[in-house]
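Trainee: Please read through the structure below; I'll follow up with questions.
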């Protein structure tokens, strides 16, 4: 293929299109053609095309390696991303469960607090009712005692006014006798 390219290259030179004697060093087109052919000859002599091809092949292999490495890195990144998303979902599920448990516990604590408050209110109401009952009983006793004192005082005054000395002495003697019988 390279052997066909060289004659075609020579045919396409502008030197062939020039007028006048072509093979003269005064013809710049001829000099440029000779210089070009020498340049191409030196390139082939130094084996630049195979070296260039080898460099391009090495470069292509390097790019292929870079692409393979990038593909591997991408796959690893996708695995890490999938793992992260799975862990994030698991953490979110766990957080949701913790929140739900906290809500249930808060509701249970609230209901317990309400029940405790209701029991405490009932105890205080019961204690207050007991105190009120005791106060009522004490008031009734006090009124009764006072009524008895007043009645006794009034009865003593009435009896003292109606009873004579003989009747009083007889009552005292009868009372002493009753006490004596009860003591023996």
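Conditions (1) at pLDDT below 95; (2) in a helix (DSSP H, G or I); (3) out of contact with any helix residue (DSSP H, G or I) (no Cβ under 6 Å at 6 or more places or on another chain); (4) surrounded by 10 or more Cβ atoms within 10 Å (Cβ to Cβ), marked per residue:
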site: 9; (1), (2), (3), (4): yes, yes, yes, yes
site: 30; (1), (2), (3), (4): yes, yes, no, yes
site: 98; (1), (2), (3), (4): no, yes, yes, yes
site: 107; (1), (2), (3), (4): yes, yes, yes, yes
site: 111; (1), (2), (3), (4): yes, yes, yes, yes
site: 115; (1), (2), (3), (4): yes, yes, yes, yes
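Trainee: Would you check if there is a residue in the range 118-127 being more than 60 Å from the chain's Cα centre (by Cα), free of Cβ contacts under 8 Å to residues at least 40 places away in the same chain and part of a helix (DSSP H, G or I)?
Mentor: Taking the range 118-127 and keeping what is more than 60 Å from the chain's Cα centre (by Cα), we get none.
No, every residue in the range 118-127 fails to be more than 60 Å from the chain's Cα centre (by Cα), free of Cβ contacts under 8 Å to residues at least 40 places away in the same chain and part of a helix (DSSP H, G or I).
Trainee: Continuing with this model, one more query. Here is a check on your reading of the model: is residue 5 part of a helix (DSSP H, G or I), touching a helix residue (DSSP H, G or I) at 6+ places or on another chain (Cβ under 7 Å) and modelled with pLDDT under 95?
Mentor: Details: part of a helix (DSSP H, G or I): yes; touching a helix residue (DSSP H, G or I) at 6+ places or on another chain (Cβ under 7 Å): no; modelled with pLDDT under 95: yes.
The answer is no for residue 5.
Trainee: Please find, among 166, 157, the residue that is at pLDDT below 85, exposed (fewer than 10 other Cβ atoms within 10 Å of the Cβ) and either assigned to a loop (DSSP other than H, G, I, E, B) or out of contact with any strand residue (DSSP E or B) (no Cβ under 9 Å at 6 or more places or on another chain) (or both).
Mentor: Working: 157 fails: exposed (fewer than 10 other Cβ atoms within 10 Å of the Cβ).
Answer to the check: 166.
The values are calculated or read from the model by the stated rules, or taken from the named source; none is laboratory data. Just so it is clear, the model here is predicted, and its values are computed rather than measured. Cβ coordinates were reconstructed from backbone atoms using ideal geometry, including for glycine residues, and neighbour counts include every protein chain displayed.
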